[in-house]
Amino acid sequence: MVVDNKRQKYPSQPSTIGEHIRKKRIDRGHYQKDVAKAIGVTAMSITAWELGQKQPEICYYPQIISYLGYNPFPMPNGTMQRLEWYKKINGLSYQRLETETGINCDQLWGWLTGDAKPLSRSIQRVEAFLNKKGIQ
């Protein structure tokens, strides 16, 4: 019996970002260098992501989502989890998130890493920001 290695590695139900990229790349008949060019990284980065050796930097998530044609990250529940999701899918640094929200980046970092707990008025402020962005 001959085993088709290409099919064996095909992620029919991708669960990681690398598997999503590999599936879409194979479906489109692209090479890793084609994906790399579309995202703005090296082909070695695509290989490492597909093999699960590394995770993409957050700044590449918008280009990855654009290449995939869909967002592979389900929106979580909870105010701070949704804010982290927003930061991630938009490839934002804490400084850029500060600019968008008007909330100090050190506070944001503390909240999103779990090192600090936001006050209820801060949660309301984040909720207002997320609602304004259509994230509910």
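The figures follow:
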{"quantity": "Among TYR61, TRP109, SER15 - extreme Cα towards positive end, dipole of the chain, charges at beta-carbon", "calculated": "SER15"}
{"quantity": "Cα-based Kirkwood hydrodynamic radius, region 5-60, one decimal, Å", "calculated": "11.2"}
{"quantity": "For region 79-132: rounded, prolate or oblate by the Cα gyration tensor [a/c cutoff 1.5]", "calculated": "rounded"}
{"quantity": "Gap separating the Cα centres of region 86-136 and region 15-30, nearest whole Å", "calculated": "31"}
{"quantity": "Most to least packed among 90-98, 20-28 [average Cβ atoms within 10 Å]", "calculated": "20-28, 90-98"}
{"quantity": "P(r) histogram, all alpha-carbon pairs of the chain included - 5 Å bins from 0, percent", "calculated": "2, 9, 17, 19, 14, 11, 11, 8, 4, 2, 1, 1, 0"}
{"quantity": "Gyration tensor verdict on region 37-112 (Cα atoms; rounded if a/c is under 1.5, prolate if a/b is larger than b/c, oblate otherwise)", "calculated": "prolate"}
{"quantity": "CD proxy at 222 nm, helix term only [per DSSP H run n ≥ 4: -39500 (n - 2.57); per residue of the chain; nearest 500]", "calculated": "-17000 deg cm²/dmol"}
{"quantity": "Reachable lysines, given that their alpha-carbon falls under 19 Å from the alpha-carbon of LYS88 and they are not under 8 places away in the same chain", "calculated": "LYS54, LYS132, LYS133"}
{"quantity": "Residue-count net charge about ALA128 - beta-carbon cut-off 15 Å; Lys, Arg +1, Asp, Glu -1", "calculated": "+3"}
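Values quoted throughout were computed directly from the atomic coordinates according to the rules given, and no laboratory measurement underlies them. Source: prediction; values computed, not measured. Backbone-built Cβ (ideal geometry, glycine too); neighbour counts: all protein chains shown.
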